[in-house]
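Encoded as C-alpha cells, the structure appears first; notes follow it.
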Amino acid sequence: MKKNLLILTVLLSASAGPGRADTIELRNGRVIHGKVIGKLPATGPVRITFTGGGSLTLEPDRILRVLRDSSCDFRTATGRPGSGGTPKDAKPAVKKPVALPKKPEEKKRPVEKTEKPSGTGAEPIDAKLEAEILGYISELSRQRSQNRVRAEAALKHLGPVTLPYLEKAARHPFELTRRAIIRIVAETGGPDGADLLRAALSDKDPWVKKIAREALEKSRR
C-alpha cells in the first residue's frame, strides 16, 4: 500500500512540473499560461485553453504580447510582475513577441490637388490662409458627416476668397462634396459664383442641380 502511494506521489509531481505553454501578458500586468487557439494577430476575440481544463476568451486590445511555446512552471501561481508569484531564478525561453494588429485608420476619399485657376484676376492670398482653405476643402471629402459640416461652415465664414479653390473641387466624384461646394458658392460666391452655379445645372446628381437652380433663381430676384 505504501509503495503504491509513493508511485502515485511521484507521478503527480512529474505531471505538475515545468511544461511548455503560451505565455500571455496582459496590459494590466497580469500573466496567463495556457494555449492560444488560432493564429495571431487576431481580428476578433482570443480564446485561451488551460492544461487542467477550461478556457478563457479575451479581447485583443487587452493583450500586450504573447510568447509562443515558452517554458513555465505550472506549480507556481501567476500574477503581476514582481508580486512574488514567479520565482526569481525562473528564466522563460525568450520568443519574439507577436505583434497585435493596429486599429485601421479612417480612409479618406482621394482629393484632386486644387490649384488656383489662371486668368481669373484673383489676387494672391497669404500662404497660411491658402493652406487653411485647402485643408477645409479636403475635409469636405471625408465620409464622416461631422467633418464635412464643420469644413462647410468654416469655408462659408471665410467668404468669397474661397471661390477660386472651390471651382476645381466642384468636379469631385463624391456627390456629398459637390453638394457642399455648391451650397458654399450659393451663400458666399456672389456674382462671381454665377458661372459655377450654371455649370452645376448639368451635374449628374439631382440635389446638386436643385441647389444650383434655387441659388440662381434667388439671385435674379
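The values are calculated or read from the model by the stated rules, or taken from the named source; none is laboratory data. Here the structure is a predicted model, which means the values were calculated and not measured. Note that we place each Cβ from the backbone using ideal geometry, even for glycine, and neighbour counts take in every protein chain shown.
Quick notes on this one:
- Among the residues of the stretch 2-32, those that are assigned to a loop (DSSP other than H, G, I, E, B) and at pLDDT below 75 comprise A16, G17.
- Test: V208 is free of Cβ contacts under 8 Å to residues at least 60 places away in the same chain and buried (at least 19 other Cβ atoms within 10 Å of the Cβ): yes
- Beta carbons closer than 6 Å, at least 6 apart along the sequence or on distinct chains, pair a first residue in the stretch 123-135 that is in the same structural domain as V161 (by TED's automatic domain parsing) with a second that is β-branched (V, I, T) for I133/T162; L134/T114.
- Of the criteria (1) over 22 Å from R150 (Cα atoms); (2) buried (at least 21 other Cβ atoms within 10 Å of the Cβ), which one I181 fails: (1)
- Within the stretch 33-48, tally of residues that are loosely packed, with under 15 Cβ neighbours inside 10 Å and either touching a Lys or Arg at 6+ places or on another chain (Cβ under 6 Å) or in a strand (DSSP E or B) (or both): 1
- Some residue of the stretch 197-204 being small (G, A, S) and under 23 Å from I125 (Cα atoms): no
- The number of residues in the stretch 33-58 being modelled with pLDDT under 80, under 13 Å from A21 (Cβ atoms) and not small (G, A, S) comes to 1.
- Only listed residue being in a helix (DSSP H, G or I), in contact (Cβ under 8 Å) with a residue 12 or more places away in the chain and within 22 Å of the chain's Cα centre (by Cα), chosen from R142, R178, R148: R148
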